[in-house]
Amino acid sequence: MIPLKTHHILQTSRLGSQRGQGLVEAALTLPVVLVLAFGVVALAQLTQARMGVSAVAREAARSGALADSATDAISQGEMRGREVAEGYDMDSERLQLTVASPTWGRGGEVAASVHYTVSFEYLPLLGWASVGVSGSHTERVDLYRSLEEGESE
């Protein structure tokens, strides 16, 4: 039989050893868990930016196709695209939007292309990284729409 005092010392050293083991395990797994968590947040930001770029391009082209002239198509398309980008909380400094209407008129097309740079500056481990997201959309001008008086096809 182990004397009571020796048994108490052995039990105390085992508890200290177990606490130390838990601390080491936490120190080894915490960085992995943090990288995974920040990766999920970055992936969510990237997905939101892709959806936003797609919506901006689609809305800008659609607004341009509903305009009354080629110059109106460009200005209205850009204005609508910027409104949609603001709704998706996209930074206007990192957004490049181009609306073109080379064949505007009945049956013509209005094209919008968008490029947005996603910055991960708010994520501790990914603050140095940025990713570009691009998209484009072409919208046809309705064949049966009426044009302004004096405007030809």
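All of the numbers you see were taken from the coordinates with simple rules; none came from a lab. This is a predicted model, so every value here is computed, not measured. Positions of Cβ are backbone-derived with ideal geometry, glycine not excepted, and every protein chain shown enters the neighbour counts.
Within the shell defined by Cβ-Cβ distances under 12 Å, the residues around Val133 carry a net charge of +2, with Lys and Arg each +1 and Asp and Glu each -1.
Rg and Dmax of the range 9-140, based on Cα coordinates, read 24.7, 92 Å. For the peptides 109-115, 21-27, 44-50, the ranking by packing is 109-115, 44-50, 21-27, with the highest mean count of neighbouring Cβ atoms within 10 Å listed first. Summing +1 for each Lys or Arg and -1 for each Asp or Glu, what net charge is found among the other residues whose Cβ lies under 11 Å from the Cβ of Ala60? Around Ala60, the surrounding residues sum to 0.
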